[in-house]
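Trainee: Quick one: this structure, given as structure tokens, is what I'll be asking you about.
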Amino acid sequence: MKKIFLRSLLLLFFLTPVGAFPVVAGTDVCIDCHGGLAGQLGEIPTAEWKTSIHARHRISCHDCHGGDPTDYVKAMTAERGFLGVPEYSEVPSFCGRCHVGVEEDYWESLHGQVVDVGGPNCVTCHENHAVQEATIDLINEDSCTRCHSYDKPALIKAEISDTEAMLSRLEASIASLYRVGVDTGHLEDELFATRNSFRRLFHSVDIDKIRAETAAFDADLEETKATIDDLENTLGKRKLAGGALVLLLLLGGCIALLIRRTYQDQE
Amino acid sequence: MNLAKETMDWLDRRLGVRELMHQNLGGYLLPRNINIWYTMGAVLLAMFVLQFITGILLLIYYVPHTDKAFASVTMIMNEIPYGWLMRYLHVVGSNLIIVFLLAHMLSVLYMGSYKRPRELTWLSGFILFNLGLAFCLTGYLLPWSQLSFWATTVATDAAGAIPVVGDQIIAYLRGGPSVGEATLGRFFALHVMGLPMAFLLLVGFHLFCVRRIGISKPPFGDDYRPTDMPRSFHHDEHPNGVPFHPNYTIKDAAMVFFALALLVAITFFAPWLFIPPDALEPADPFFTPSDIKPEWYFLWAYQTLKIFPSELLGLASQGLAMGFLALLPFFDRGLERRPSNRPLFVTLYLLGILVFVGLSIWGHYS
């Protein structure tokens, strides 16, 4: 009993003001070893990965390259599923283990059909370790003219730009709703599915197919937008009510102070 | 027949309530120069009442289980009518309470109202302030978000720096080797039952001290003179003062209205001020966010732990600072309360505020 009492006293004395600070989980042996190596086997991919969308989504080294990130000795052994670096033409299949739909459309595209002879694979446009969130800006003259003229990519970009802009706007709206505590899970899922399907479409690099199918995606996005608009309207009404309540409370405070003045005059 | 008058007459015949009310309201005289800082107590009481009400309403739907806590909070926010309002009022209210507690304590310090014979009033108030922080710390874990989980992990980890008993304290706080179901259970019990009971008892004692000893006169104005410490109990009376009710209660009411306006404004327009992004994600014990920061009122403590070469030194310095503040009236025994006659105290007071603010800003950006 005395022991418990002493512990409680210690707790009261020492712990009350203690806050919290970040700690880094140290289970990833890939970073531990490769982070200390120079060049392409170490500091460059490690630093690049840390800036990537993969890092933000907690996709770590072993998720692509296989192996065991908890065992220093056997991390890079075949028995732990280590895959290493894929050959150039195997990159689409390597990425396609997760990006399944896009891979299908890629193989059917002109890009996919010439990958064996040095045509573009995923990392040609998206980078490898520094892969960022895909945007329409990836289609640009500097990038595309490394292999061919910009005429056709410019047409594709023009065709998809409205839908892409709508996707970006809806993503931003969902992020704002999420930030104020709205459960946006279903909206995110809906948009994720539409975005993935749409991006599958333009990985086909087939302008006729893109023209034919874009309208259907726009219709899907309009439905999502209607749901978002409803939620934003609700939040707007809440703010109106909140503003009115704040004014009423301020008014109440001012009236109370005025009443107080009448007492002051009597005093 | 006037029902209210009849009821009052009935009660008065049995309990003498009219005399009691006169003694504590109209006949209770306050110093004539009483200022606006004296309303902080009423504001805090109102805010705590609101915390109790919103807390009870949240309790109806909150599930204190690691598998269901986050989902239950999401449900409260999105499916329960006005659930979002109750939660945001509770969250924003808890932060504003710390602001008002600090304002209350700082004004009491500045005016020297903590001095004898009011040592017990100060000490009980100081413990109430710490209970307020404990409310925040335990409430932090309940949504079982990334922020909840990792902030609690690190807060409880810090206890490990205490020699000999450190590990036992961690196990005692968490109910296991790591933050988990047992931790959530005990923090929940503390937050909704243990702390409120201790709080109510202590508030009762604090108010008793205030009423029994009498309100301290603000140490300003030409006619203010320090009073000697009486040899026996003495109620500090203010014969030419103003009645507590309605003269001062209306001022209390005004400040309560303004405080509620601030609470409602933040609740409706900027609740995210007190809800960082990590609080929106469910707890994941296998992923440590890199940008976890404590709440603003713990930032000074967080930075203190970082600037000392060892966590033990950091903890000890915090303990010493808090212990010194708690026992201040027992050290500072002079009778002078006028700030203009206490240059050393005022200098230390301002330095203390600067250190608190400086460490907090440093902690925020570090």
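The values are calculated or read from the model by the stated rules, or taken from the named source; none is laboratory data. Just so you know, these numbers come straight off a predicted model, no measurement behind them. No Cβ is skipped: glycine too gets one built from the backbone with ideal geometry, and neighbour counts run over all protein chains shown.
Trainee: Tell me, which helices (runs of 4 or more DSSP H) lie completely within the stretch A:132-203 with 2 or more residues that are touching an Asp or Glu at 6+ places or on another chain (Cβ under 7 Å)? Let's see the steps before the verdict.
Mentor: Numbers: elements: A:141-144, A:151-179, A:185-203.
Because the criterion is at least 2 residues that are touching an Asp or Glu at 6+ places or on another chain (Cβ under 7 Å), the helices (runs of 4 or more DSSP H) in the stretch A:132-203 that meet it are A:151-179, A:185-203.
Trainee: Right, another one. Within the stretch A:65-108, restricting attention to residues that are in a loop (DSSP other than H, G, I, E, B) and in contact with a helix residue (DSSP H, G or I) (Cβ under 6 Å, 6 or more places away or on another chain), which residue is nearest to A:Asn196 (Cα to Cα)? Give the steps one after another, and end with the answer.
Mentor: Within the stretch A:65-108, the subset in a loop (DSSP other than H, G, I, E, B) is A:66-77, A:81-87, A:97-99.
Now restrict to residues that are in contact with a helix residue (DSSP H, G or I) (Cβ under 6 Å, 6 or more places away or on another chain): A:67-69, A:72, A:74-75, A:83, A:86.
On the way: A:Gly67: 28, A:Asp68: 30, A:Pro69: 29, A:Tyr72: 36, A:Lys74: 36, A:Ala75: 33, A:Leu83: 26, A:Pro86: 24 Å.
Restricting to residues being in a loop (DSSP other than H, G, I, E, B) and in contact with a helix residue (DSSP H, G or I) (Cβ under 6 Å, 6 or more places away or on another chain), the top hit is A:Pro86.
Trainee: Which one is farthest from the other protein chains (Cβ to nearest Cβ), of the residues in the stretch B:106-126 that are closer than 18 Å to B:Met47 by Cβ and among the aliphatic types (A, V, I, L, M)?
Mentor: B:Val108
Trainee: Cβ-Cβ below 6 Å, separation at least six or inter-chain, first residue in the stretch A:47-75 and farther than 25 Å from B:Glu281 by Cβ, second modelled with pLDDT under 90 and among the β-branched types (Val, Ile, Thr): which pairs?
Mentor: A:Tyr72/A:Val29; A:Ala75/A:Val29
Trainee: So if I check each of B:Lys217, B:Lys251, which one is touching a residue at least 40 places away in the same chain (Cβ under 8 Å), crowded, with 20+ Cβ neighbours inside 10 Å and either within 14 Å of another protein chain (Cβ to nearest Cβ) or of a type in the set (Gly, Ala, Ser) (or both)?
Mentor: Details: B:Lys217 fails: either within 14 Å of another protein chain (Cβ to nearest Cβ) or of a type in the set (Gly, Ala, Ser) (or both).
Only one candidate qualifies: B:Lys251.
Trainee: Looking for something in contact with a Lys or Arg (Cβ under 7 Å, 6 or more places away or on another chain), within 29 Å of A:Cys95 (Cα to Cα) and surrounded by 12 or more Cβ atoms within 10 Å (Cβ to Cβ) - is there at least one such residue anywhere in the stretch A:180-187? Walk me through how you get there before you give the answer.
Mentor: First, pick out the residues of the stretch A:180-187 that are in contact with a Lys or Arg (Cβ under 7 Å, 6 or more places away or on another chain): none.
Checking the stretch A:180-187: not a single residue is in contact with a Lys or Arg (Cβ under 7 Å, 6 or more places away or on another chain), within 29 Å of A:Cys95 (Cα to Cα) and surrounded by 12 or more Cβ atoms within 10 Å (Cβ to Cβ).
Trainee: Which of the following residues is small (Gly, Ala, Ser), within 30 Å of B:Asn341 (Cβ to Cβ) and away from chain A (no Cβ under 11 Å): B:Ala46, B:Ala69, B:Ala103?
Mentor: Just one listed residue meets the conditions, B:Ala103.
Residue-by-condition table, conditions (1) crowded, with 18+ Cβ neighbours inside 10 Å; (2) modelled with pLDDT under 85:
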residue: A:Arg7; (1), (2): no, yes
residue: A:Leu15; (1), (2): yes, yes
residue: A:Asp28; (1), (2): no, yes
residue: A:Pro45; (1), (2): yes, no
residue: A:His54; (1), (2): yes, no
residue: A:His57; (1), (2): no, no
residue: A:Lys74; (1), (2): no, no
residue: A:Ala78; (1), (2): no, no
residue: A:Gly81; (1), (2): no, no
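Trainee: Among all residue pairs at least 6 apart or on different chains, which show Cβ distances below 7 Å where the first residue, located in the stretch B:150-175, is free of Cβ contacts under 8 Å to residues at least 12 places away in the same chain and the second is hydroxyl-bearing (Ser, Thr, Tyr)?
Mentor: Cβ pairs passing all conditions: B:Gly175/B:Thr183.
Trainee: What residue, among those in the stretch A:90-127 that are touching a residue at least 60 places away in the same chain (Cβ under 8 Å) and surrounded by fewer than 17 Cβ atoms within 10 Å (Cβ to Cβ), is nearest to A:Ile53 (Cα to Cα)? Please lay out each step first, then the result.
Mentor: Taking the stretch A:90-127 as the starting set, the residues that turn out to be touching a residue at least 60 places away in the same chain (Cβ under 8 Å) are A:101-102, A:104-106, A:108-111, A:127.
Of the ones still in play, those that are also surrounded by fewer than 17 Cβ atoms within 10 Å (Cβ to Cβ) are A:101, A:104, A:108, A:110, A:127.
Values: A:Gly101: 19, A:Glu104: 22, A:Glu108: 26, A:Leu110: 27, A:Glu127: 11 Å.
Within the stretch A:90-127, the match that is nearest to A:Ile53 (Cα to Cα) is A:Glu127.
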